[in-house]
Structures are given as structure tokens and as C-alpha cells.
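Data first, discussion second: the structure below is written as C-alpha cells.
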Amino acid sequence: MLSEIWIRRLLGTAAMVSTAAAFCILLVLVTLALPLFTAGGLGTVLSWQWLPFQGKFGILPMVVGSLLLSLGALAAATPLAVGLACFAQVLAPGWIKSPCLAVVHYMTSIPTVIYGFVSVFVLVPLMRQWFDRGTGFSLLTAMIALTLLILPTIVLVFQATLREVDRTARATCAALGFSKPSYIRHALLPLSRRGLLAAVILGFGRAVGDTLISLMLAGNAPMVPGSPLDAIRTLTAHIALVVATDSQSTFYHSVFASGVILFLIMILINLALRRLGGSFAP
Amino acid sequence: MTAAQKRRLADAATVAFCWSAAAGTALAILAVMGFLIFRGAGTLGLELFFGQTHWWDAVTGARPVFDGLWSALAGTLILVVLSCLMAVPVGIAGGIYLSVYATERFRSVAGFGVDLMAGIPSIVMGLFGFSMIVVLRHAFFPHAKTCLLLAAVCIALLILPYLVRTTQNALSGLPEQLRLLGPSLGFTPWQNTRHVLLPSAGRGVLSGVILAMGRAAEDTAVILLTGVVAQAFLPRSLWDKFEALPFRIFYLAAEHRSAAELDLAFGTALVLLMLTGALFCLAFLIQRTMEQRWKN
């Protein structure tokens, strides 16, 4: 019986570690970003110019860049995901349904760097040709690649809700004489709004957190874009660029501030998902 | 237009929209894979991995490989094994605790922590590893630098929440009568877990582990900040810099100097895609057999 207690404690410790790790990471990041608040550095970081050699460490352009890119990708991916999920759940002929879902599952396992890599050699030249402006590394380019990256997350989370709703509503609606497309429009989608909202929030989290797509495709210019064809820099790419290029340690405050901002976004996302209730983990 | 006509039009639009969403996605994925296979397939071969070095010399580390991806592949494999050694025991144990032992309240709090952890962007995880080095350098070891061990720890943290969740879900997904079987025979919670639950849910747990391995192999942002370099050969110790497949792809996409290097990049991308694809298929098959076993 003694061993029973010890096993319980051991397993409990593992669970504690898995839980506490997130809070420890937040603690470390906040501690390292702390000098900003005491030395009045907050104003220098929360400003609109990134000219580190002139002492201007503003990261607001990166915040805007992150938001624009994520929201843009989300705006493109959400309708696509809704169409795809409804197709897989209702419209697809029997033989195509499970391969279709298997492909979406498979998409989650494709490395991010592959999307970035292929886009550099396919999408970027195309963008350069079509729009005949700039280098082809732009907000729009990154948005297209990012759409493909977050699509499977949204589809899988949304489809889990659709499956549940479909199970309860299908027979009723068929008995009422709904055609399949009307059933989607008037019963299935309205009934699974919460699932869609959860899926969109999770997709947003995935989009904000992605580093490689924006680092490889968005051009990394630290400014607020005037058009979708301008280059942008995201918070994630900013962290990667500043840390990986052996910058001076005076630059690091802005990096830790970026890390804290990203972390806070994730906390908000998780709180929002909690409020929606249920379990929406993909 | 009559109401019936309007409805028929809307129906047709819905069908067209759903079909084109599905077809468009399939086309995009086919284009990505097709392009990689088209450009990369020709480079596959022993030379892609080992360059001009004899393969046996390369594998044993007797001679360095200059123009192949062996050291990147080895770096990734070592990284995956190391991080799984750290994360898998903790993750599975944590998942078991949450599913079998935990009170409802603790499960809810821990669930939030684990979900939050799963949401942390990998670059932030890398930044965490990097800041550990900054702290160490200031406080204890002035010579501390980013290295293989640090990267493995950060990757382990990255995959930990997935392991906890998949283990927890695999155990909680078992049929009710099976979960009550042990206690009804007078088993203690651990005996029940060890002899009834784990053997039944083993495949689910295993497929979770394999998926986590795939994530460990593909992640670039973490290692970008924790010690990966473009040219390092095989790491000689845990404190060494290392190479990795995803970083090499990222690096060569921007820095290729010749057509041969570009071919190498396409070959590397294809190898990584095959590696993660193989892990995915394995996990998928294992998961399917598990689901079939417990259907009804």
C-alpha cells in the first residue's frame, strides 16, 4: 500500500510539472521584461519606430503586423474551412468523405517550414509577376501561405462540433423535407455557431503564434504597411530576427516585451475558449 | 424570381461553394507536395545524405560530411530522441494522473495550464530557453551558451502538453464498464491503471507519442533560438551546437549560393516531409486499430 501512495505522488508531481510549466515560463519572461516598467522604458518600446541604433525600440509596428497578418489569414481560412467541413460532413459522397478528412488530418503534420519553403519558390515569384511591384515578399504572400497552415486546425475543431450537431439534427431535418444544402444553411450552421467561434479563436492563436511563414515570406520590414503588397514584420519574426542575429543586449528588452505580449494573447485566447465551455482541443 | 427559384439558387450556390472549398484545398496541398516531389525526387539517393563521404565513415562519425544532409538528419534524430526521453515519461504520467486520480477541481485548473502550454507559440518557448542562458550567464556560468541539451529541453516543453492531453483522452475515452472493471474486482487505482486501463488504451497513448515526435522533428522556431547552426557536423556532446533538417531548409531557402545547394535544399525538404509523413501515417494506423477495437 505504501507503493500505491508513492506512485500517486509521482504521477501527481508529473501533472503539477505539466501544469506549472506554463506559469513558470510566463514568470521568467515577465521578470526579464521588468526593467521596462521600472526604468520608464515602456514608452520607448510602445512606440512606432524601430531604429535600434538611434535608440528607438518601438514594437507597435510589429503588433500591427501580427494582427493584420493573422486576421487576414483568418478571414480567408474561415469560409474555406466552413465549406470544407460542411462538404466532409454532409455533401461528400461516402467514398470521398474519409479520405477528405484524412487529408485534412495529414495537413496538420506538414512542417511549417515546408509551406514557407515552397512558397518562397512558387508563390513569391508569382506575386512578383502578377503585381509587378516590390520583391514579392509581402503581407499578402504570407497571408496566403498562413491560410493554408491554419486551415486544418479550424476545419478539425469545427468538424467535431458539426458531427455532434449533425447526429442530432439530421433525421429531424430530413423528415421535414430539407434539401441537403438548405439543411446546411438553415440548421447545421446556425446550430454550430459556438463550435465555429471556438475554431476561429484557435485558428487565430495558431496564426499569431506562427513564426516561420512570416519570417520567410513577409519581408520583415519593421513598419506599418500601406497596402497588402508591402512588407511587414510580425512579433514572432521580430523575436527570431533580433535574437538570432547576435544583436546587442540592449535590444533584448523589446524582445521580451514581444514575448510577453504573445503570451498574454494566448492567455486571452484560452480564457475565451473556457468561457465558450466544452473541450475544443483539436 | 419566386421563392422556390431563390431557394434552388441558394442551394446550388451552397453546393458549389462547399465543393470548391474542398477541391481548392486539395489542389493547394497537391501543388505543394507535387512541386516538392517534382524538384526533390531527382536528388534522393545516398549522395544526398552523405555527399562524397563513404556512408559508413559518415554514420560512425569517422569523417565529416560536407555536402550532404547526414549531420542535419542525425541532429534532428538526436533532438527528437532526447526531447522524447524527457517529455514522454512526464507527459504520460501527468495524463494518467489527470484521468485516473485527479479531483474535478484540479483537473479543471490543470486543464487550463496544459491548454495554455499547448498554445504557447514555439518562438516564445525558444525565447524562454534563450533567456535561461542569459540568466545563467549573468548569475552562474559566464560561458553558458545555447546547445543541444537546451534545445531538447525546450522541445520537450513544447510537446509535453500534447502528450498529457492524448494520454488523458485515450484513458478517458475507454468504455465505462472497462474503467469500472478494476475497482469492482478490488484493484487499487494503480493496479487498475497498470493492468486494465493502460493495456487497453496503449495504442492511443502510443499514437500520441508518435505525433509528438513529428512535432519535435518539424519545429524550427524553438531551435532557431536555442543553438542550431548551419554547419556543425555531428554534435560531440550535449553542450555542442548542432544541425537540424528544418533549420537547414529555412537557411538554404534564403542563403543558397549555387544550383547544387538549391537541389540539396529541395532534397532536404522532401526528406523532412517523408519523415513527418511516415510518423503521421504510423500514428494514424495505430489510432484506427484502437478505435475499431473499442467501437461499441
Exercise. Say we look at the range A:47-87 and pick out the residues that are modelled with pLDDT under 90 and in contact with a helix residue (DSSP H, G or I) (Cβ under 6 Å, 6 or more places away or on another chain); which of these is surrounded by the fewest Cβ atoms within 10 Å (Cβ to Cβ)?
Worked result: A:TRP48
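Would you mind finding the one in A:SER98, A:SER109 that is facing chain B (nearest Cβ under 7 Å), out of contact with any Cys (no Cβ under 8 Å at 6 or more places or on another chain) and either without any contact (Cβ under 8 Å) to a residue 24 or more places away in the chain or surrounded by fewer than 19 Cβ atoms within 10 Å (Cβ to Cβ) (or both)?
Going through A:SER98, A:SER109 in turn, just one is facing chain B (nearest Cβ under 7 Å), out of contact with any Cys (no Cβ under 8 Å at 6 or more places or on another chain) and either without any contact (Cβ under 8 Å) to a residue 24 or more places away in the chain or surrounded by fewer than 19 Cβ atoms within 10 Å (Cβ to Cβ) (or both): A:SER109.
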For this session: Answer yes if at least one residue in the range A:245-253 is of a type in the set (Asp, Glu) and more than 8 Å from chain B (Cβ to nearest Cβ), and no otherwise.
Result: yes
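Conditions tested, residue by residue: (1) within 20 Å of B:LEU282 (Cα to Cα); (2) without any contact (Cβ under 8 Å) to a residue 24 or more places away in the chain.
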| residue | (1), (2) |
| --- | --- |
| B:THR146 | no, no |
| B:ILE159 | yes, no |
| B:THR166 | yes, no |
| B:LEU174 | no, no |
| B:PRO183 | no, yes |
| B:ALA216 | yes, no |
| B:ALA221 | no, no |
| B:THR226 | no, no |
| B:ALA230 | no, no |
Problem set entry | Filter result for A:THR44 (over 30 Å from B:LEU252 (Cα atoms), buried (at least 17 other Cβ atoms within 10 Å of the Cβ), among the β-branched types (Val, Ile, Thr) and not assigned by TED's automatic domain parsing to the domain that holds A:ILE239) | yes
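Hey, can you tell me all the residues within the range A:112-157 that are of a type in the set (Phe, Trp, Tyr) and either within 21 Å of B:ALA26 (Cα to Cα) or in contact with a Leu (Cβ under 9 Å, 6 or more places away or on another chain) (or both)?
Of the range A:112-157, the ones of a type in the set (Phe, Trp, Tyr) are A:115, A:117, A:121, A:130-131, A:137.
A:TYR115, A:PHE117, A:PHE121, A:PHE131, A:PHE137 - these are the residues of the range A:112-157 that are of a type in the set (Phe, Trp, Tyr) and either within 21 Å of B:ALA26 (Cα to Cα) or in contact with a Leu (Cβ under 9 Å, 6 or more places away or on another chain) (or both).
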Exercise. If you scan the range B:189-243, which residues turn out to be within 13 Å of chain A (Cβ to nearest Cβ), assigned to a loop (DSSP other than H, G, I, E, B), over 15 Å from B:VAL153 (Cβ atoms) and in contact with a helix residue (DSSP H, G or I) (Cβ under 6 Å, 6 or more places away or on another chain)?
Worked result: B:THR220, B:ALA230
Exercise. What are the pairs, 6+ residues apart or on separate chains, where a residue within the range B:49-74 that is over 22 Å from B:LEU275 (Cβ atoms) has its Cβ under 6 Å from a residue that is exposed (fewer than 15 other Cβ atoms within 10 Å of the Cβ) and among the acidic types (Asp, Glu)?
Worked result: B:ARG63/B:ASP57
Exercise. If you take the residues in the range A:207-218 that are within 12 Å of chain B (Cβ to nearest Cβ) and among the small types (Gly, Ala, Ser), which one is farthest from A:LEU68 (Cα to Cα)?
Worked result: A:GLY209
Exercise. Has the range A:31-49 got at least one residue that is touching a residue at least 60 places away in the same chain (Cβ under 8 Å), within 7 Å of chain B (Cβ to nearest Cβ) and in a helix (DSSP H, G or I)?
Worked result: yes
Exercise. Looking at A:GLY195, A:GLY116, which one is over 23 Å from B:LEU36 (Cβ atoms), of a type in the set (Gly, Ala, Ser) and either buried (at least 23 other Cβ atoms within 10 Å of the Cβ) or in contact (Cβ under 8 Å) with a residue 12 or more places away in the chain (or both)?
Worked result: A:GLY195
Exercise. Across the range B:9-42, what is the number of residues that are under 23 Å from the mean Cα position of the chain (by Cα) and either farther than 23 Å from A:ALA145 by Cβ or touching a residue at least 60 places away in the same chain (Cβ under 8 Å) (or both)?
Worked result: 4
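Yes or no: B:ALA278 out of contact with any strand residue (DSSP E or B) (no Cβ under 8 Å at 6 or more places or on another chain), at pLDDT 90 or above and aliphatic (A, V, I, L, M)? Steps first, please.
Working: out of contact with any strand residue (DSSP E or B) (no Cβ under 8 Å at 6 or more places or on another chain): yes; at pLDDT 90 or above: yes; aliphatic (A, V, I, L, M): yes.
Yes, satisfied.
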Seminar exercise, completed: For the range B:104-126, pairs from a residue that is within 7 Å of chain A (Cβ to nearest Cβ) to a residue that is acidic (Asp, Glu) and part of a helix (DSSP H, G or I), with Cβ under 8 Å and 6 or more apart or across chains, are none
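Out of curiosity, is A:ALA20 under 28 Å from A:ALA207 (Cα atoms), touching a residue at least 24 places away in the same chain (Cβ under 8 Å) and not hydroxyl-bearing (Ser, Thr, Tyr)? So that I can check it myself, show each step before the final result.
Values: under 28 Å from A:ALA207 (Cα atoms): yes; touching a residue at least 24 places away in the same chain (Cβ under 8 Å): no; not hydroxyl-bearing (Ser, Thr, Tyr): yes.
No: the conditions fail for A:ALA20.
The values are calculated or read from the model by the stated rules, or taken from the named source; none is laboratory data. If you're wondering where the values come from, they're calculated on a predicted model, not measured in any experiment. Glycine gets a Cβ as well: all are built from the backbone with ideal geometry, and neighbour counts include every protein chain shown.
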